Amino acid sequence: ALFISRIDHFMLALVQLGANLHLAYLVCEKKDNWWIVYLSYGVGVVMALFTPTNYYFHGVYTYYWGFFAKKAIMYDLSSTLWMAATVYCIFILFQSYRQTNDAHKQDTIKFLLLGFVCTAILSLTNTPAMYGYEVYPLGTFTFISLFLLAYGLFKYNLQIALQQLRTVLSTV
């Protein structure tokens, strides 16, 4: 269980911080402060290097519903950075939602906002299990927020692709 948690968090630490910010910047078409995105990818690489060590996870708890990793200091730091980045993404998306007049973009941002908020809420429910309390971690249901993110992005891109296809077909 510890090995699986470490592999899982290696990928999360490596990608999640930078990818979330990158996605928010791209969708909002943010032109400034890209150094934050690049820095977050770098921090993710550094955090990923700690995931196989006892500084990230130092054992597992055994609960009636299964095993859950025991957090260490680097997990706390990583979680704090993830939460700060998620709150920043929510702020950027909300600000962009209010400023745009494009209905398609507003729809995409709405689903991304819902996805980020859902991810934050579900991820926070992992905290009691990490501290040794036998509360089932609802973070195992983060696929729900991924559906919201994917739907928001796919719906927007599909509409653009169909519009371009109609333009090509009408010129032929």
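The values are calculated or read from the model by the stated rules, or taken from the named source; none is laboratory data. Quick caveat, the model's predicted, so the values are computed rather than measured. Backbone-built Cβ (ideal geometry, glycine too); neighbour counts: all protein chains shown. Accessible surface is based on the protein model in full, side chains and every heavy atom, while ligands, DNA and RNA are left aside. Shrake-Rupley method; radii C 1.70, N 1.55, O 1.52, S 1.80 Å.
The residues listed here are Leu158, Leu112; of these, the one that is at pLDDT below 85 and either open to solvent by less than 40 Å² (accessible area, probe 1.4 Å) or farther than 28 Å from Asp76 by Cα (or both) is Leu158.
Quickly run through segment 12-37 and pick out the residues that are surrounded by fewer than 12 Cβ atoms within 10 Å (Cβ to Cβ) and in a helix (DSSP H, G or I). Leu26, Trp35, listed by residue number.
For (1) within 24 Å of Pro137 (Cα to Cα); (2) without any contact (Cβ under 8 Å) to a residue 60 or more places away in the chain; (3) within 10 Å of the chain's Cα centre (by Cα), each residue gets a yes or a no:
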{"residue": "Ser78", "(1), (2), (3)": "yes, no, no"}
{"residue": "Thr86", "(1), (2), (3)": "yes, no, yes"}
{"residue": "Cys89", "(1), (2), (3)": "yes, no, yes"}
{"residue": "Arg98", "(1), (2), (3)": "no, yes, no"}
{"residue": "Asp102", "(1), (2), (3)": "no, yes, no"}
{"residue": "Asp107", "(1), (2), (3)": "no, yes, no"}
{"residue": "Leu113", "(1), (2), (3)": "yes, yes, no"}
{"residue": "Thr119", "(1), (2), (3)": "yes, yes, yes"}
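Scan segment 78-104 for residues that are open to solvent by less than 30 Å² (accessible area, probe 1.4 Å), in a helix (DSSP H, G or I) and not small (Gly, Ala, Ser) and the total you get is 4.
State whether the residues of segment 123-139 include one that is of a type in the set (Phe, Trp, Tyr), under 14 Å from the mean Cα position of the chain (by Cα) and modelled with pLDDT of 85 or more. No, segment 123-139 has no match at all.
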